[in-house]
Amino acid sequence: MHRSRLAAVLATSSVLVLAACGGGDSGGGGGDEQLSVVYVPGLTGNPFYSTVGCGGRDRAEELGVAFDVQGSSEFDVAAQTAVVNAVIADAPDALMISVTDSTAMAVPLTEAKDAGIDIITIDGDLEDKSIASSNIQSDNEEGGRIAAEQLAALIGEQGEVLAINQTPGNPIGEARERGFREALAEYPGITYLGEQYDENATARAASIASGAASSNPELAGIYSMATNSTEGAITGVREAGRTGDVKVVGYDTSEPIIQALEDGAVDGVVVQYPYREGALGVEAAVALSEGEEVERNQTVPFVFATPENVASDEVQEYLYRTDC
(Lines give C-alpha, C1' and ligand atoms only; values in the text may rest on other atoms or scores of the structure.)
Protein backbone atom coordinates (compact mmCIF):
# COMPACT_ATOMS: atom_id res chain seq x y z
CA MET A 1 0.00 0.00 0.00
CA HIS A 2 1.38 3.40 -0.98
CA ARG A 3 1.34 6.22 1.56
CA SER A 4 1.96 9.95 1.25
CA ARG A 5 5.10 11.16 2.92
CA LEU A 6 4.78 13.53 5.87
CA ALA A 7 7.36 16.06 7.03
CA ALA A 8 9.35 14.64 9.94
CA VAL A 9 10.54 16.79 12.82
CA LEU A 10 13.39 15.38 14.86
CA ALA A 11 13.36 16.53 18.45
CA THR A 12 16.73 15.02 19.33
CA SER A 13 19.57 17.45 18.67
CA SER A 14 22.09 14.68 18.08
CA VAL A 15 20.07 13.43 15.12
CA LEU A 16 20.72 14.79 11.68
CA VAL A 17 18.09 14.42 8.97
CA LEU A 18 20.01 14.17 5.73
CA ALA A 19 18.25 14.30 2.38
CA ALA A 20 21.29 12.87 0.65
CA CYS A 21 22.01 11.61 -2.83
CA GLY A 22 19.13 13.38 -4.53
CA GLY A 23 16.62 13.48 -1.69
CA GLY A 24 12.97 12.64 -1.91
CA ASP A 25 12.37 13.98 -5.42
CA SER A 26 14.36 11.32 -7.23
CA GLY A 27 12.77 9.40 -10.05
CA GLY A 28 9.68 9.91 -12.13
CA GLY A 29 6.10 9.28 -11.18
CA GLY A 30 4.34 11.74 -8.95
CA GLY A 31 2.02 12.44 -6.07
CA ASP A 32 0.85 9.87 -3.64
CA GLU A 33 1.28 7.02 -6.12
CA GLN A 34 5.07 7.24 -6.12
CA LEU A 35 6.70 4.49 -4.08
CA SER A 36 8.77 5.96 -1.23
CA VAL A 37 11.90 4.43 0.29
CA VAL A 38 14.05 5.77 3.13
CA TYR A 39 17.57 4.56 3.93
CA VAL A 40 18.82 4.91 7.53
CA PRO A 41 22.62 4.41 7.68
CA GLY A 42 24.62 3.45 10.74
CA LEU A 43 25.86 7.03 10.78
CA THR A 44 26.14 9.87 8.29
CA GLY A 45 29.40 10.93 6.65
CA ASN A 46 30.74 7.37 6.48
CA PRO A 47 31.96 6.47 2.95
CA PHE A 48 30.44 2.98 3.00
CA TYR A 49 27.00 4.16 4.04
CA SER A 50 27.18 7.15 1.70
CA THR A 51 27.86 4.79 -1.19
CA VAL A 52 24.89 2.61 -0.22
CA GLY A 53 22.83 5.81 -0.47
CA CYS A 54 24.28 6.61 -3.89
CA GLY A 55 23.42 3.16 -5.20
CA GLY A 56 19.92 3.45 -3.80
CA ARG A 57 19.41 6.92 -5.25
CA ASP A 58 20.55 5.96 -8.73
CA ARG A 59 18.40 2.82 -8.87
CA ALA A 60 15.44 4.77 -7.46
CA GLU A 61 15.76 7.33 -10.25
CA GLU A 62 15.73 4.53 -12.81
CA LEU A 63 12.63 2.93 -11.28
CA GLY A 64 10.68 6.11 -10.52
CA VAL A 65 10.92 5.75 -6.75
CA ALA A 66 11.15 8.57 -4.19
CA PHE A 67 14.30 8.06 -2.12
CA ASP A 68 15.67 9.73 1.02
CA VAL A 69 18.57 9.16 3.38
CA GLN A 70 17.94 10.05 7.03
CA GLY A 71 20.53 9.37 9.69
CA SER A 72 22.44 10.41 12.77
CA SER A 73 26.01 11.68 12.92
CA GLU A 74 26.62 9.18 15.75
CA PHE A 75 26.85 5.38 15.60
CA ASP A 76 24.45 5.05 18.49
CA VAL A 77 21.34 2.97 19.16
CA ALA A 78 19.39 5.79 20.81
CA ALA A 79 20.18 8.19 17.98
CA GLN A 80 19.25 5.66 15.32
CA THR A 81 16.04 4.81 17.16
CA ALA A 82 15.06 8.49 17.08
CA VAL A 83 15.63 8.53 13.32
CA VAL A 84 13.54 5.40 12.82
CA ASN A 85 10.73 6.85 14.92
CA ALA A 86 10.74 9.95 12.71
CA VAL A 87 10.70 7.77 9.61
CA ILE A 88 7.67 5.91 10.95
CA ALA A 89 5.91 9.28 11.22
CA ASP A 90 6.94 9.93 7.59
CA ALA A 91 5.16 6.69 6.63
CA PRO A 92 7.29 5.58 3.65
CA ASP A 93 6.55 2.34 1.84
CA ALA A 94 9.91 0.78 2.72
CA LEU A 95 12.76 1.34 5.15
CA MET A 96 16.30 0.26 4.31
CA ILE A 97 18.54 0.31 7.39
CA SER A 98 22.10 -0.48 8.45
CA VAL A 99 21.42 -1.31 12.09
CA THR A 100 23.67 -0.10 14.90
CA ASP A 101 22.68 -3.06 17.07
CA SER A 102 21.20 -6.35 15.87
CA THR A 103 19.12 -6.79 19.03
CA ALA A 104 18.24 -3.32 20.30
CA MET A 105 17.01 -2.03 16.94
CA ALA A 106 14.38 -4.78 16.82
CA VAL A 107 12.00 -2.69 18.95
CA PRO A 108 11.65 0.40 16.71
CA LEU A 109 11.82 -1.70 13.55
CA THR A 110 9.00 -3.91 14.78
CA GLU A 111 6.96 -0.74 15.26
CA ALA A 112 7.81 0.26 11.70
CA LYS A 113 6.78 -3.13 10.37
CA ASP A 114 3.53 -3.00 12.35
CA ALA A 115 2.88 0.37 10.72
CA GLY A 116 2.97 -1.35 7.32
CA ILE A 117 6.50 -0.38 6.33
CA ASP A 118 8.60 -3.05 4.59
CA ILE A 119 11.98 -3.49 6.33
CA ILE A 120 15.18 -4.25 4.41
CA THR A 121 18.44 -4.52 6.33
CA ILE A 122 21.70 -3.50 4.68
CA ASP A 123 25.14 -4.65 5.88
CA GLY A 124 23.93 -6.50 8.95
CA ASP A 125 20.88 -8.54 9.92
CA LEU A 126 18.73 -8.43 13.03
CA GLU A 127 18.78 -11.26 15.54
CA ASP A 128 15.04 -11.61 14.98
CA LYS A 129 14.95 -12.67 11.33
CA SER A 130 11.18 -12.24 11.11
CA ILE A 131 11.32 -8.43 11.07
CA ALA A 132 13.19 -7.72 7.83
CA SER A 133 11.92 -9.07 4.53
CA SER A 134 15.47 -9.17 3.15
CA ASN A 135 19.05 -8.72 4.38
CA ILE A 136 21.67 -7.53 1.89
CA GLN A 137 25.33 -7.66 2.83
CA SER A 138 28.76 -9.04 2.08
CA ASP A 139 29.82 -12.37 3.57
CA ASN A 140 31.92 -10.96 6.41
CA GLU A 141 33.52 -14.27 7.31
CA GLU A 142 34.64 -14.67 3.70
CA GLY A 143 36.07 -11.13 3.81
CA GLY A 144 38.06 -12.09 6.90
CA ARG A 145 39.38 -15.19 5.16
CA ILE A 146 40.46 -13.13 2.16
CA ALA A 147 42.29 -10.72 4.48
CA ALA A 148 44.09 -13.58 6.26
CA GLU A 149 45.24 -15.21 3.02
CA GLN A 150 46.48 -11.92 1.59
CA LEU A 151 48.26 -10.87 4.78
CA ALA A 152 49.87 -14.30 5.13
CA ALA A 153 51.28 -14.00 1.62
CA LEU A 154 52.56 -10.48 2.30
CA ILE A 155 54.52 -11.53 5.41
CA GLY A 156 55.87 -14.75 3.92
CA GLU A 157 53.67 -16.83 6.24
CA GLN A 158 55.90 -15.95 9.21
CA GLY A 159 55.67 -13.61 12.19
CA GLU A 160 53.16 -12.14 14.61
CA VAL A 161 49.86 -10.58 13.57
CA LEU A 162 47.53 -8.24 15.47
CA ALA A 163 43.88 -7.44 14.64
CA ILE A 164 42.08 -4.16 15.32
CA ASN A 165 38.29 -4.35 15.61
CA GLN A 166 35.66 -1.75 16.47
CA THR A 167 33.60 -2.84 19.48
CA PRO A 168 32.99 -6.11 21.35
CA GLY A 169 29.74 -7.82 20.44
CA ASN A 170 29.30 -6.24 17.02
CA PRO A 171 28.18 -9.16 14.81
CA ILE A 172 29.83 -7.78 11.67
CA GLY A 173 33.17 -7.31 13.42
CA GLU A 174 32.87 -10.70 15.06
CA ALA A 175 32.32 -12.38 11.68
CA ARG A 176 35.26 -10.57 10.11
CA GLU A 177 37.50 -11.59 12.99
CA ARG A 178 36.26 -15.17 13.01
CA GLY A 179 36.89 -15.67 9.30
CA PHE A 180 40.35 -14.13 9.69
CA ARG A 181 41.27 -16.20 12.73
CA GLU A 182 40.10 -19.48 11.23
CA ALA A 183 41.96 -18.89 7.96
CA LEU A 184 45.12 -17.74 9.78
CA ALA A 185 45.19 -21.03 11.68
CA GLU A 186 46.19 -22.69 8.41
CA TYR A 187 49.59 -20.98 8.63
CA PRO A 188 51.69 -22.56 11.42
CA GLY A 189 54.44 -19.97 11.05
CA ILE A 190 52.12 -17.12 12.02
CA THR A 191 51.30 -16.27 15.64
CA TYR A 192 47.97 -14.53 16.11
CA LEU A 193 48.06 -11.98 18.93
CA GLY A 194 44.29 -11.56 18.98
CA GLU A 195 42.24 -8.42 18.59
CA GLN A 196 42.11 -5.03 20.28
CA TYR A 197 39.19 -2.61 20.10
CA ASP A 198 39.31 1.01 18.95
CA GLU A 199 35.63 1.93 19.66
CA ASN A 200 35.40 3.08 16.01
CA ALA A 201 37.87 5.91 16.72
CA THR A 202 40.71 6.55 14.26
CA ALA A 203 42.94 8.03 16.95
CA ARG A 204 42.47 4.98 19.17
CA ALA A 205 43.31 2.64 16.28
CA ALA A 206 46.44 4.69 15.57
CA SER A 207 47.49 4.42 19.21
CA ILE A 208 47.00 0.64 19.19
CA ALA A 209 48.97 0.19 15.98
CA SER A 210 51.74 2.56 17.00
CA GLY A 211 52.16 0.94 20.40
CA ALA A 212 52.24 -2.57 18.98
CA ALA A 213 54.64 -1.71 16.16
CA SER A 214 56.96 0.22 18.48
CA SER A 215 57.12 -2.32 21.29
CA ASN A 216 57.07 -5.58 19.36
CA PRO A 217 59.90 -6.17 16.85
CA GLU A 218 58.29 -9.49 15.87
CA LEU A 219 55.10 -7.82 14.69
CA ALA A 220 54.79 -8.53 10.98
CA GLY A 221 51.22 -7.55 10.17
CA ILE A 222 48.07 -5.76 11.27
CA TYR A 223 44.53 -6.58 10.16
CA SER A 224 42.08 -3.70 10.60
CA MET A 225 38.36 -4.42 10.23
CA ALA A 226 36.69 -1.12 9.36
CA THR A 227 37.33 2.27 7.75
CA ASN A 228 38.41 4.14 10.88
CA SER A 229 40.44 1.16 12.07
CA THR A 230 42.32 1.02 8.78
CA GLU A 231 42.98 4.75 8.66
CA GLY A 232 44.27 4.59 12.23
CA ALA A 233 46.45 1.54 11.57
CA ILE A 234 48.12 3.28 8.63
CA THR A 235 48.87 6.31 10.82
CA GLY A 236 50.08 4.26 13.77
CA VAL A 237 52.50 2.14 11.74
CA ARG A 238 53.86 5.30 10.13
CA GLU A 239 54.32 6.95 13.53
CA ALA A 240 56.27 3.89 14.68
CA GLY A 241 58.54 4.21 11.65
CA ARG A 242 57.63 0.77 10.35
CA THR A 243 55.69 1.46 7.14
CA GLY A 244 56.52 -1.32 4.71
CA ASP A 245 57.98 -3.46 7.47
CA VAL A 246 54.69 -4.09 9.27
CA LYS A 247 52.17 -5.01 6.59
CA VAL A 248 48.69 -3.54 6.93
CA VAL A 249 45.64 -5.23 5.43
CA GLY A 250 42.39 -3.41 6.06
CA TYR A 251 38.69 -3.48 5.39
CA ASP A 252 36.75 -0.81 3.45
CA THR A 253 37.94 2.33 1.72
CA SER A 254 37.90 6.10 2.11
CA GLU A 255 39.80 8.94 0.44
CA PRO A 256 42.72 8.62 2.92
CA ILE A 257 42.83 4.84 2.44
CA ILE A 258 42.80 5.14 -1.34
CA GLN A 259 45.61 7.70 -1.11
CA ALA A 260 47.53 5.32 1.15
CA LEU A 261 47.08 2.55 -1.43
CA GLU A 262 48.42 4.80 -4.15
CA ASP A 263 51.35 5.77 -1.93
CA GLY A 264 52.06 2.19 -0.81
CA ALA A 265 51.37 3.06 2.85
CA VAL A 266 48.78 0.27 3.12
CA ASP A 267 49.35 -3.10 1.51
CA GLY A 268 45.78 -4.04 0.66
CA VAL A 269 42.14 -3.67 1.64
CA VAL A 270 39.08 -5.88 1.37
CA VAL A 271 36.55 -3.80 -0.54
CA GLN A 272 32.84 -4.48 -0.35
CA TYR A 273 30.24 -3.39 -2.93
CA PRO A 274 27.98 -0.93 -1.08
CA TYR A 275 26.76 0.75 -4.27
CA ARG A 276 25.24 -2.54 -5.39
CA GLU A 277 23.78 -3.14 -1.91
CA GLY A 278 21.89 0.15 -2.14
CA ALA A 279 20.58 -0.68 -5.59
CA LEU A 280 19.47 -4.15 -4.48
CA GLY A 281 17.68 -2.61 -1.50
CA VAL A 282 15.55 -0.39 -3.74
CA GLU A 283 14.86 -3.31 -6.07
CA ALA A 284 13.67 -5.35 -3.10
CA ALA A 285 11.40 -2.51 -1.96
CA VAL A 286 9.79 -2.31 -5.40
CA ALA A 287 9.29 -6.09 -5.54
CA LEU A 288 7.72 -6.15 -2.08
CA SER A 289 5.35 -3.31 -3.00
CA GLU A 290 4.14 -5.39 -5.93
CA GLY A 291 3.53 -8.44 -3.75
CA GLU A 292 6.49 -10.37 -5.08
CA GLU A 293 8.77 -12.59 -3.02
CA VAL A 294 12.34 -11.41 -2.51
CA GLU A 295 15.38 -13.44 -1.55
CA ARG A 296 15.79 -13.29 2.25
CA ASN A 297 19.60 -13.30 2.28
CA GLN A 298 21.34 -11.52 -0.57
CA THR A 299 25.11 -11.21 -0.88
CA VAL A 300 27.44 -9.09 -2.99
CA PRO A 301 31.05 -9.83 -3.99
CA PHE A 302 34.39 -8.33 -2.89
CA VAL A 303 37.53 -7.10 -4.57
CA PHE A 304 40.93 -6.94 -2.88
CA ALA A 305 42.53 -3.60 -3.64
CA THR A 306 46.32 -3.25 -3.67
CA PRO A 307 48.76 -0.50 -4.66
CA GLU A 308 49.17 -2.34 -7.96
CA ASN A 309 45.49 -2.64 -8.96
CA VAL A 310 43.75 0.30 -7.26
CA ALA A 311 43.60 2.29 -10.50
CA SER A 312 41.98 -0.56 -12.47
CA ASP A 313 38.40 -0.24 -13.72
CA GLU A 314 37.30 -3.28 -11.70
CA VAL A 315 38.51 -1.88 -8.38
CA GLN A 316 37.35 1.65 -9.13
CA GLU A 317 33.78 0.36 -9.53
CA TYR A 318 33.84 -0.89 -5.92
CA LEU A 319 35.44 2.12 -4.21
CA TYR A 320 33.35 4.08 -1.73
CA ARG A 321 32.38 7.74 -2.08
CA THR A 322 31.31 10.41 0.38
CA ASP A 323 28.79 11.95 -2.02
CA CYS A 324 27.08 11.00 -5.26
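Assorted remarks:
- Long-range neighbours under 7 Å by Cβ, at least six apart or interchain, first residue free of Cβ contacts under 8 Å to residues at least 40 places away in the same chain within the range 201-214, second of a type in the set (Lys, Arg): ALA213/ARG242
Rundown of residues vs (1) assigned by TED's automatic domain parsing to the domain that holds THR227; (2) touching a Ser or Thr at 6+ places or on another chain (Cβ under 8 Å); (3) surrounded by fewer than 21 Cβ atoms within 10 Å (Cβ to Cβ), yes/no style:
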| residue | (1), (2), (3) |
| --- | --- |
| ALA91 | no, yes, yes |
| ALA94 | no, yes, no |
| LEU109 | no, no, no |
| ALA152 | yes, no, no |
| ALA185 | yes, no, yes |
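- Annotation note: Cβ proximity below 6 Å between a residue of the range 80-95 that is under 17 Å from THR44 (Cα atoms) and a residue that is at pLDDT below 95 and not in a helix (DSSP H, G or I) (sequence gap 6+ or interchain) occurs for GLN80/THR100; ALA82/THR12; ALA82/VAL15; VAL83/VAL15; ALA86/ALA8; ALA86/LEU10.
- Residue within the range 156-170 that is free of Cβ contacts under 8 Å to residues at least 60 places away in the same chain, assigned to a helix (DSSP H, G or I) and on the phi < 0 side of the Ramachandran plot present: no
- From GLY55, GLY116, residue being at pLDDT 95 or above and assigned to a helix (DSSP H, G or I): GLY55
- Top-ranked residue in the range 299-308 [being closer than 13 Å to ALA260 by Cα and surrounded by 14 or more Cβ atoms within 10 Å (Cβ to Cβ); ranked as farthest from the chain's Cα centre (by Cα)]: PRO307
Residues checked against (1) under 19 Å from the mean Cα position of the chain (by Cα); (2) buried (at least 24 other Cβ atoms within 10 Å of the Cβ); (3) part of a loop (DSSP other than H, G, I, E, B):
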{"position": "SER214", "(1), (2), (3)": "no, no, no"}
{"position": "PRO217", "(1), (2), (3)": "no, no, yes"}
{"position": "THR235", "(1), (2), (3)": "no, no, no"}
{"position": "LYS247", "(1), (2), (3)": "no, yes, no"}
{"position": "GLY250", "(1), (2), (3)": "yes, yes, no"}
{"position": "THR253", "(1), (2), (3)": "yes, yes, yes"}
{"position": "PRO256", "(1), (2), (3)": "yes, no, no"}
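The values are calculated or read from the model by the stated rules, or taken from the named source; none is laboratory data. Since the structure is predicted, the reported quantities are computational estimates derived from the model, not experimental observations. Quick reminder, even Gly has a Cβ in these numbers, built from the backbone with ideal geometry, and neighbours come from all protein chains shown.
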